[in-house]
Amino acid sequence: MPRALITGVTGQDGAYLSQLLLEKGYEVFGMARRTSTGGFQDGRLRWLGIVDRVRIVDGDLTDLSSMLRLMKDIEPDEVYNLGAQSFVGTSWHQPLLTAQVTALGVTNILEAVRVMRPQARFYQASSSEMYGLIQEAHQSEKTPFYPRSPYAVAKLYGHWITVNYRESFGLHASSGILFNHESPLRGIEFVTRKVTDAAARIKLGLAQKLPLGNIDAKRDWGHARDYVRAMWLMLQQDQGEDYVVATGRTTTVRDMCEIAFRHVGLNLDDHLFIDPDLFRPAEVDVLLGDPAKAHSKLGWQADTTLESMITEMVDADLERLRSRRV
């Protein structure tokens, strides 16, 4: 039975990846940073019905000693680093924390792998936000990066330190440059979930308005369930490499909102409110991934359309809100 260690296991991607690996017969260890009360947020694992099958272990990406201990105790065959301060907006308010966790945390876990478990295969969660002020219409593995937020800068460090450890020490280390990927498990602070939750609340009479910032921004959105499959495929290859994971389709925030509101029979313009405070200090206007390498080398493609993903999210939020009202 192969063993996998997942940092960020309680997040959206960690939960879906855990589900996938369990289905494939892995023993899954999930690293979580305990709170002062000794607990952790396991709602996503519970939503998927796998909370009792994932072995939670204590650890912190900012603490090298805990990373070394986990590598020694677990002896994982595969390590997936999904842990991060992952909200772009927060990174302007907490740039040092973002750097410590999202950037330097990658070095800590890579160093622990190098010292204690060099035969393990390593996955780093890179981000399309690294492209920022895009230099090419379609962003591929060869497109130059131009990060536009502290989060993106931190992710770029994590990306390049992964490349460096692969080339310097021969680690089987891969980075997935994932474009936006969503699901019913997405946090409420992210725009897609904010929209689907608002559509559900307005439909049920629990709210009236949806405040948003730049609705003209374009993103390449896919489903997290599809994208974690690409993560696993990367670590099944003979060598570690970097891959863009995307749908190859870009859509405005407004059009995404239209899908959600139309699904519940609402007119978006009756409820949309543009809040100037929600605009980013430095905007990323367009992201559009070129997943040709993932298609050809991994045999991967996105199976879920934006429309079906958004309606799935709206239906899940309706279910959540109705159950709370009972």
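The values are calculated or read from the model by the stated rules, or taken from the named source; none is laboratory data. The model shown is predicted, which means the values in this text are computed figures rather than measured ones. Backbone-built Cβ (ideal geometry, glycine too); neighbour counts: all protein chains shown.
Below is a table of values for the structure above.
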item	result
Test: Ser175 is within 15 Å of the chain's Cα centre (by Cα) and in the same structural domain as Gly240 (by TED's automatic domain parsing)	yes
Looking only at segment 104-120, and only at residues there that are surrounded by fewer than 23 Cβ atoms within 10 Å (Cβ to Cβ) and in contact with a Gly (Cβ under 9 Å, 6 or more places away or on another chain), the one that is farthest from Ala282 (Cα to Cα)	Pro118
Only listed residue being touching a His at 6+ places or on another chain (Cβ under 9 Å) and acidic (Asp, Glu), chosen from Asp290, Asp275, Asp285	Asp290
The listed residue being at pLDDT 95 or above and within 21 Å of Asp13 (Cα to Cα), out of Ser140, Ser126	Ser126
Subset of segment 177-206 (residues that are in a loop (DSSP other than H, G, I, E, B) and in contact (Cβ under 8 Å) with a residue 12 or more places away in the chain)	Phe179, Asn180, Ser183, Pro184, Leu185, Arg186, Gly187, Glu189, Phe190, Leu204, Leu206
Inter-residue pairs, beta-carbon under 7 Å, first touching a residue at least 12 places away in the same chain (Cβ under 8 Å) and in segment 239-264, second in a loop (DSSP other than H, G, I, E, B) and of a type in the set (Ser, Thr, Tyr), 6+ apart	Val244/Ser140
Enumeration of residues in segment 208-226 that are more than 15 Å from Ile274 (Cβ to Cβ) and crowded, with 20+ Cβ neighbours inside 10 Å	Arg219, Asp220, Trp221, Gly222, His223, Ala224, Arg225
Strands (runs of 3 or more DSSP E) wholly inside segment 1-110 that include at least 1 residues being closer than 24 Å to Val245 by Cα	3-7, 27-32, 78-81
Pairs where the first residue, in segment 298-326, is in a loop (DSSP other than H, G, I, E, B) and the second is hydroxyl-bearing (Ser, Thr, Tyr) and crowded, with 19+ Cβ neighbours inside 10 Å, C-beta under 6 Å, 6+ apart	Ala302/Thr247
In segment 254-282, residue surrounded by the fewest Cβ atoms within 10 Å (Cβ to Cβ) [restricted to those that are of a type outside the set (Gly, Ala, Ser) and touching a Lys or Arg at 6+ places or on another chain (Cβ under 7 Å)]	Phe273
